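Nothing in this text is a laboratory measurement; each read-out follows from the coordinates by a stated rule. These numbers come from a predicted model, not from an experiment. Here the Cβ is made from the backbone with ideal geometry for all residues, glycine too, and neighbour counts use every protein chain on show.
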Amino acid sequence: MSSSISDWLRQAKQQLAAVTGEVDAEAKYCCSFVLQQSNTYLYSHGDQLLSAAQWQQLQAILQRRLTGEPLAYILGQWHFWDFELEVAPSTLIPRADTEILVEKALTLLEPTPARIIDLGTGTGAIALALAKERPDCQVIGLDIQPAAVALATRNAKRLNLENCRFVQSDWFAALSGSEQGFDLIVSNPPYIDASDPHLTRGDVRFEPGSALVSDDAGFADIQQIIRQSTDFLHQGGWLLMEHGYQQADEVTARLNQGGFSQVASEKDYGGQWRISFGQWLCKG
């Protein structure tokens, strides 16, 4: 079947409306992936006919997406910050809203070399973005899942980032007593209540529950991180965490109760409260 780039994009967007609100972005991402071309190319070469092999590959991707399977898992890659990451069903799909965590972390880091921990690193997205922007810093990504650690390590190699390493760990457990005095701890931990109806909708149906769901109405892992992080932050170090849009008040309250100073929250690109943070200034 002969079809131009524009024709395929048009019909793909019509069908994708049944499974996503990002029809334009997803259709272009599919086409760019198969043709190995930029979005600009898709616009300027809209009349170009797809080869039979290209059309078949695009249709195969589209049919899988129409079953609800996340596009990131179908393609095995996803965009975050300013790079592409390998992704797999063993990890969460990196999301644009998480970039606000990276942006805030960069503003809090001193201009001097720093040591950073990324807890529950998954694909390594946060750790790698920080390592890329601050090559003078040393970043450790920790994850309890061996498959995630292996995947994040591959992503670091693909991006040629040598100032970032990944270790299997149940939160801080694998860090030795000598590995303390960090300047920054960041995390996108599990924060969804097990009864949340969003778990039965959209892409999250396919993502690992262990990276999404937490006890104590979604606060168990957040509380553990707040409690344990003070053993690893030096005086003046920062803790930043992503959380649900309705959790900011509770997270900031727990940060204050945990002895953190300058506690605050910020919104994501959609205007939802997405991250909270505080500075550690005292011991004991």
The chain: Lys pairs at Cα distance under 17 angstrom, eight or more positions apart or on different chains: 4
Antiparallel bridge percentage (DSSP; both residues within the chain; nearest 5): 45
Within segment 5-68: Cβ-based charge dipole about Cα centre, in debye rounded to nearest 20 (Lys, Arg +1; Asp, Glu -1): 140
Spatial extent of segment 5-68: Rg and Dmax, with the Cα atoms as the point set, Å: 10.8, 31
Extreme residue, positive dipole direction of segment 5-68, given options Val19, Trp55, Ile5 (C-beta unit charges): Val19
Under 5 Å, built H, 5+ apart or other chain: amide partners of Leu50: Ser3, Ser4, Ile5
Linear extension gain, Asp47 paired with Gln168, 0.36 nm per residue minus alpha-carbon span: 38.7 nm
Nearest 10 degrees, 0 to 90: helix 248-257 Cα axis against the chain principal axis: 20
Contour excess over end-to-end distance, with Cα ends at Phe83 and Ser38 and 0.36 nm allotted per residue: 14.9 nm
Extreme residue, positive dipole direction of the chain, given options Pro94, Ser44, Gln262 (C-beta unit charges): Ser44
Contact order relative to length of segment 5-68, as percent, for alpha carbon pairs under 8 angstrom and 6 or more apart: 44
Unit charges at the beta carbon, dipole of the chain: most positive-side option, Cys31, Thr112, Ser214: Cys31
Ascending count of other beta-carbon atoms within 10 Å, so fewest first, for Thr153, Thr112, Thr123: Thr112, Thr153, Thr123
Relative contact order of segment 90-280, pairs being alpha-carbon contacts under 8 Å that are 6 or more residues apart, as %: 21
Dipole magnitude (debye, nearest 20) for the chain, charges at Cβ of Lys, Arg, Asp, Glu: 440
Segment 29-96: relative contact order in percent, alpha carbon pairs under 8 Å with at least 6 residues between: 20
In sequence order, calculated HN-Hα J values of segment 137-143 (Karplus, 6.51, -1.76, 1.60; Hz; x Gly/Pro): 9, 10, 10, 10, x, 10, 8
Virtual spin-label span in nm between Glu133 and Glu266, 7 Å along Cα→Cβ: 0.8
